[in-house]
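S.K.: Okay, here's the structure, questions in a sec.
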Amino acid sequence: MAARAGYAAGAQPAVFKVMPKPPSTREAAARLINYLGRRDNENGEKHDIDIFDEDGQVLATGAARKAFLKTFCETFEPPLENTNFIEVRFELTADVSDDALKDALNEAFGSKPFVYTRHDQTVEIFAHVEERAGPLAQVLAGGRENSRSRALDKIEARLGEGLGRVGVTATVEVTAAVGNEWQAKYFLQKFIRMHSGVHDTNGDPVRGAKNPSKAAASLYEQWRPQLSGRERRNAYHLLFSARAGTDANAVMAAARAVLEERAPGYKFVLAHHKDTKHVHIHAMVQARSADGERLKFYKPDLVAWREAFAEKAREYGIAMVATRRMDHAMSRPFTKEHVGAYNRAQRDPRYSVSARTVERVEAKRQRRIDGQTLVANGDAIAAAWQTTAATMRSVGVTGLALTAAESIGKNLLQYRDGQAGKGVSDAATDRGAGEKSQKSFLTHPAMKELIALIGDLDMAQTPLEMRQKMDRVNKALDAMGETLPEAEQNRFEQYREDVNDKMHDRLARLQFEAEQQRKAGASGGGEPVPEREARGRDLPARDDARQPETSRREAEATRSRQDQQQERNRKKVRQAEEQDRRTQRSNDNDYER
């Protein structure tokens, strides 16, 4: 309630994220330090920026960063070994030779190690699997009829299909599962002791069957190189963010305070990336301290870290609160996979993306309200805001803050009622069922051809070629715009403007380069090659100095236009460079999202 009241009074929401693909190896940690500590300057050149360690010291040199990395990685652990094993019983439905059975089992289990024994039509197997054995053991202990056995059903179906691919049919039943090394060795030993005629994956008899303990230990050590498992999480990449205009030093101090409070004894580094309008502080922190304590980020932990960030930010003079997405009925956040697919679809005409992915990315970027959430939970959300407003009124809060708290709940209900009348839930159901729905212009059939034409712009070498290619792109945009529904026209026009801005930036750069080459050619006694090759093509360059002169007045006007054009070109080049920097920052933001 206090967070909602603060938000109504104008406080910004706290943004705290745990980034995907954590640095789990020394090499990955080194790459992350390089990402944290190197940024582009105004000329697009990489340069080092300040990185601060947990003691507040600046890691200013490569040697200092290397030394820190060495101590940082001392707590790193090797990848977890996959020790998941199951026992399976096959009841063959027809006669199968021993060689055919061996081939069928290898087909069913793939490259996983196993041992097996056969008694008439019954085959018992002890095998290594990818699935987690702990939950499987719980299902088997509780009885399959009293528990969810879908995981077991999938394993049995997969093994049955593997046998069927080589013409062997059998009923499959998983009878036991173990999930740690000690249990795996014990059950392997028990399997060798309880069964006669145990064979390995090659069909050869297991050696040392008279001493099951030694035989099992020897066999397990042979399997160990194949028991590769998932990597341990050895470090976290965190992000603390605030709105544009917030004091960056205060955000940095708040982030440091959060790490010192929530992760005491863990080594970490901090860096402020200044290449975006909003303030964001990157951090890399150990997942395991020198004392062996592991840092975890379950959902309650994320909430606690965000609340701690808001609290520390307020201590440093930043009006910040930890609100929830449900308080505002905002759209669900998209994942890195969503935005990756979305961006690739814009760049590569061969890559297709679903309309639901496009909708999810665009809804979050445009901060749209989630109508489906409001239809389902609108009364509860509005009631929370009404309670907040009543409490604010009871403690004497007046003015814009109280008005905002009262208005938020009412506006959400009004929006909910309007969306419910349009059948939001039905539309969502239709989208889920794959029926025709409102799609973004990015899924238009002509989008692939348009993206190919836009990509071809980079091949232009002269202003003349660039104008020709720009003409083709604009014709494609016109044709596409005529077939789009009215609801998409505004967003499509914005997209058209962005495309034209980038094309004109490219044209200005080519014109500037051509002018520089012309000057160099004039001083060197020859005409620049690109302009000489462009001479005589089907479309003359706009404001070209080679146009015929008809009078002295026209010549002076031409020179004046040339001077003005040169000044515009210089301005365009500066704007193009600034646009490139903004584009890079936007790409970095997409990656962070």
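S.K.: If Phe334 passes every condition in (1) assigned to a loop (DSSP other than H, G, I, E, B); (2) modelled with pLDDT of 80 or more; (3) closer than 29 Å to Lys17 by Cα but one, which one does it miss?
M.R.: (2)
S.K.: Now, a different point. Can you pull out every residue in region 285-329 that is open to solvent by less than 30 Å² (accessible area, probe 1.4 Å) and in a strand (DSSP E or B)?
M.R.: Across region 285-329, the qualifying residues are Val285, Gln286, Met320, Val321.
S.K.: May I ask you to say which residue of Leu464, Leu400 is hydrophobic (A, V, I, L, M, F, W, C), open to solvent by less than 30 Å² (accessible area, probe 1.4 Å) and modelled with pLDDT of 70 or more?
M.R.: Leu464
S.K.: Starting from residues that are closer than 11 Å to Ala329 by Cα and open to solvent by 50 Å² or more (accessible area, probe 1.4 Å), keep the ones in region 355-374 and report whichever is nearest to the chain's Cα centre (by Cα).
M.R.: Arg367
Every residue, every condition in (1) at pLDDT 60 or above; (2) within 30 Å of Lys21 (Cα to Cα); (3) open to solvent by less than 90 Å² (accessible area, probe 1.4 Å); (4) not polar (S, T, N, Q), yes or no:
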{"position": "Glu488", "(1), (2), (3), (4)": "yes, no, yes, yes"}
{"position": "Asn500", "(1), (2), (3), (4)": "yes, no, yes, no"}
{"position": "Glu515", "(1), (2), (3), (4)": "yes, no, yes, yes"}
{"position": "Ser523", "(1), (2), (3), (4)": "no, no, no, no"}
{"position": "Pro528", "(1), (2), (3), (4)": "no, no, yes, yes"}
{"position": "Asp543", "(1), (2), (3), (4)": "no, no, yes, yes"}
{"position": "Glu549", "(1), (2), (3), (4)": "no, no, no, yes"}
{"position": "Ala576", "(1), (2), (3), (4)": "yes, no, yes, yes"}
{"position": "Arg581", "(1), (2), (3), (4)": "yes, yes, yes, yes"}
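S.K.: Give me the residue from region 49-96 that is touching a strand residue (DSSP E or B) at 6+ places or on another chain (Cβ under 6 Å), of a type outside the set (A, V, I, L, M, F, W, C) and open to solvent by less than 30 Å² (accessible area, probe 1.4 Å) and, out of that set, nearest to Phe187 (Cα to Cα).
M.R.: Thr75
S.K.: Separate question: Restricting attention to region 236-246, does a residue exist that is without any contact (Cβ under 8 Å) to a residue 24 or more places away in the chain and polar (S, T, N, Q)?
M.R.: Scanning region 236-246, I find no residue that is without any contact (Cβ under 8 Å) to a residue 24 or more places away in the chain and polar (S, T, N, Q), so the answer is no.
S.K.: I need the helices (runs of 4 or more DSSP H) fully contained in region 167-284, keeping only those with at least 3 residues that are modelled with pLDDT under 90 and open to solvent by 10 Å² or more (accessible area, probe 1.4 Å).
M.R.: 181-194, 212-223
S.K.: Right, another one. Which residues, counting only those in region 375-393, are open to solvent by 20 Å² or more (accessible area, probe 1.4 Å) and aliphatic (A, V, I, L, M)?
M.R.: Val375, Ala376, Ala380, Ala383, Ala384, Ala390
S.K.: Among Lys17, Lys70, Lys66, which is the only one that is charged (D, E, K, R) and either in contact with an Asp or Glu (Cβ under 9 Å, 6 or more places away or on another chain) or under 30 Å from Gly160 (Cα atoms) (or both)?
M.R.: Lys17
The values are calculated or read from the model by the stated rules, or taken from the named source; none is laboratory data. Just so it is clear, the structure is predicted and the values come from calculations on it, not from any experiment. So basically every Cβ, Gly included, is an ideal-geometry build from the backbone, and we count neighbours across all protein chains shown. Each accessible area value is taken on the protein alone, full model and side chains, heavy atoms only, with ligands, DNA and RNA left out. Shrake-Rupley method; radii C 1.70, N 1.55, O 1.52, S 1.80 Å.
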